[in-house]
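Asker: Sharing a structure, written as structure tokens. Questions coming.
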Amino acid sequence: DKIVEMSKQLEFEGHNVHDFYARRFGMIMEHLLVLLQNGFLYAEDKSHASQFVNTLIGFVDKKVLKQFILKVTGPLIRILSDKFPPAIKELILDNLKTIIMKAREDIKPITPQLQSVFIKILVDTTT
């Protein structure tokens, strides 16, 4: 977060460095999301994809995250709804916690889906 705050204060040739970074990272994020979705849906070891999400969310600015909040949380909710081992679900819940902590206001459109999947997990006795 300190790096993001510092970049907001920097200017290069009259342009705010933070805005430049946010636009460029938004373009990169589209490609990273494809990797993320494939990692969660098809990889044998989903823990690597989960670690990637936490790292990515840590670096992404709130403005950029807002644009991709549905694309990031969709695969996570899908995994929580399916039959996966408890260890994987625990990692996914940690990802969702990180996203919610960073983008509380932007998560409102998917609150119903999150509530239903959280209730499903709480009721499920096998996890």
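Asker: Any chance you could run the full-extension gain for Ile119 through Arg104? It's 0.36 nm times the residue separation minus the Cα-Cα distance, nm to one decimal.
Answerer: 3.5 nm
Asker: While we're here: Which ³J(HN,Hα) values, rounded to whole Hz and listed in residue order, are derived for the range 29-37 from phi using the Karplus coefficients 6.51, -1.76 and 1.60 in 6.51 cos²θ - 1.76 cosθ + 1.60 with θ = phi - 60°, glycine and proline given as x?
Answerer: 4, 4, 6, 5, 5, 4, 4, 4, 4
Asker: Can you list the HN-Hα couplings for the range 81-96, worked out from phi with the Karplus curve (6.51, -1.76, 1.60; θ = phi - 60°), rounded to whole Hz and with x for Gly and Pro?
Answerer: With the stated coefficients, the range 81-96 comes to 7, 8, 8, 10, x, x, 5, 5, 4, 5, 5, 5, 4, 5, 4, 5 Hz.
Asker: Further question on the same structure: Grab the beta carbon distance between Thr55 and Arg78, set R0 = 30 Å, and tell me the FRET efficiency rounded to 0.05.
Answerer: 0.90
Bear in mind these aren't lab numbers, they're just calculated from the coordinates by the rules spelled out. Just so it is clear, the model here is predicted, and its values are computed rather than measured. Cβ sites come from the backbone with ideal geometry, for glycine too, and all protein chains shown count toward neighbours.
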